[in-house]
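Here the structure is laid out as structure tokens; the discussion comes afterwards.
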Amino acid sequence: MSIIISETMKKLALVALCFVSTTIHAQTLKNIISESAPEMHFGLFSDWSALATLTDNKVDLKSGNIVGHWTTRFSPDFFYFSEITVSPDQHIGSQLAVERAFFQFNYADGVRLRVGRIHTPVSLWNTTYHHGQYLQTTISRPEVVKYSTKFSPIHSIGIELGGMLNRDAGSLEYQIGLGQREMGHHGNISGNETGHHPGAYLGGSFKPARFFGLSFGGTAYVEEREDPSHSTTISEHEELLEVVLNGHIAYESLRWNLISEVIHLKHVIDDNVFKSFGFYSQVSRRFGGPKGKSTLFARYGRLNKNENDPFFVSDNCFKWQGLTTGWRFDFAPTVAFTTEYRQFGESNLTGVRSISFQISAAL
């Protein structure tokens, strides 16, 4: 126990050293979450939650993550951004992880270049919400973009060209990237596996000028690597081709927020093709006007993995569907309380029922 505490204190001290080495001053939430703040700034997110599983009467308390954002601007067009998380674990102590760390150069409004560790734009959720729980309305992530499902690549290390093109008809945001899928902590794949070939992706999202708040688009991701699952059914000489196709539609106003995504996954091993798919749809409604503090939300999702796919050979669940409903109350400018009810199962919605409570904050 003393060894775990000692290691934890060392990691927390390292994070604290990074904190005090920056100039911290009072900032609005808009500046805290911005990746383009002037000169140097630091933002902090944290959360605490309790999960009660109603089907077996178990209660699990979690201190959540401590998420730090560090931005350093070297010039008006060139900056560095990093996102660091500290995740307490009762069994192995705290885990310190660098979730994102990249340099960005803004050549023009329609052209920017990123180099480093980024969130792979295989889904709108993955690029909209980071590891700070305060920014997302729900407590849980959709199943198709959860870190543990191995269904979609969450992080990549590489280079990305992107930007926003504004026209009379609307604005188009695009991303073209080439990078190595990150496999470790929060990287979808257990163990020390690494991709042998960089993945490539092309994505975009269009916001029509006539329908303010509406956006739709998608992403195509392709990667090839050897022995992806350490499975005895795949020899070390065989290669797996992975193709991830995403489509999304979203709408956001002062009161309503809707987002729906579908992800199609295809694995090709020699002449064998294995297809899987998943989707979710989420809607939330804010009450009390534009500055209302109360929000109701609901989400339904499904995930169907091909049980013959060697990539998922170690998984226990191949078919999943779930319903999530809840209520969020912002009782302070940057502090929120959220309660969430979930019921899900492999063949129907009556397998597992749980209720969660969470306090999240942006400091």
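This table checks each residue for (1) open to solvent by 20 Å² or more (accessible area, probe 1.4 Å); (2) at pLDDT 90 or above; (3) farther than 30 Å from ASN306 by Cβ; (4) touching a helix residue (DSSP H, G or I) at 6+ places or on another chain (Cβ under 9 Å).
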{"site": "ASP56", "(1), (2), (3), (4)": "yes, no, no, no"}
{"site": "VAL67", "(1), (2), (3), (4)": "no, yes, yes, yes"}
{"site": "TYR107", "(1), (2), (3), (4)": "yes, yes, yes, no"}
{"site": "SER140", "(1), (2), (3), (4)": "no, no, no, no"}
State whether one or more residues within the stretch 248-257 are within 25 Å of LEU214 (Cβ to Cβ) and small (Gly, Ala, Ser). yes
Before we move on, is SER360 open to solvent by less than 70 Å² (accessible area, probe 1.4 Å) and of a type in the set (Ser, Thr, Tyr)? yes
Wholly enclosed strands (runs of 3 or more DSSP E) of the stretch 48-128 bearing at least 1 residues in contact (Cβ under 8 Å) with a residue 40 or more places away in the chain and not aromatic (Phe, Trp, Tyr): 66-75, 78-87, 95-108, 111-119
Can you confirm whether the stretch 309-322 contains a residue that is in a loop (DSSP other than H, G, I, E, B), touching a residue at least 60 places away in the same chain (Cβ under 8 Å) and either at positive phi or in contact with a helix residue (DSSP H, G or I) (Cβ under 7 Å, 6 or more places away or on another chain) (or both)? no
Residue under evaluation VAL273, criteria (1) open to solvent by less than 30 Å² (accessible area, probe 1.4 Å); (2) in a strand (DSSP E or B), criterion not met: (1)
Say we look at the stretch 148-178 and pick out the residues that are assigned to a loop (DSSP other than H, G, I, E, B) and either among the hydrophobic types (A, V, I, L, M, F, W, C) or open to solvent by less than 60 Å² (accessible area, probe 1.4 Å) (or both); which of these is modelled with the lowest pLDDT? THR149
Condition check for HIS267: closer than 18 Å to GLY301 by Cα, open to solvent by less than 80 Å² (accessible area, probe 1.4 Å) and of a type outside the set (Gly, Ala, Ser): no
Within the stretch 345-357, residues being closer than 24 Å to TYR134 by Cα and open to solvent by less than 60 Å² (accessible area, probe 1.4 Å) number 3
On the phi < 0 side of the Ramachandran plot, outside any strand (DSSP E or B), surrounded by 15 or more Cβ atoms within 10 Å (Cβ to Cβ) and in contact (Cβ under 8 Å) with a residue 12 or more places away in the chain - does that describe any residue in the stretch 294-306? yes
(1) open to solvent by less than 70 Å² (accessible area, probe 1.4 Å); (2) out of contact with any Lys or Arg (no Cβ under 8 Å at 6 or more places or on another chain); (3) at pLDDT 50 or above; (4) of a type in the set (A, V, I, L, M) all hold for ILE92 apart from (1)
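The values are calculated or read from the model by the stated rules, or taken from the named source; none is laboratory data. Remember, it's a predicted structure, so these values are computed and weren't measured experimentally. Note that we place each Cβ from the backbone using ideal geometry, even for glycine, and neighbour counts take in every protein chain shown. Only protein heavy atoms, including side chains, enter the accessible area calculation; ligands, DNA and RNA are left aside. Shrake-Rupley method; radii C 1.70, N 1.55, O 1.52, S 1.80 Å.
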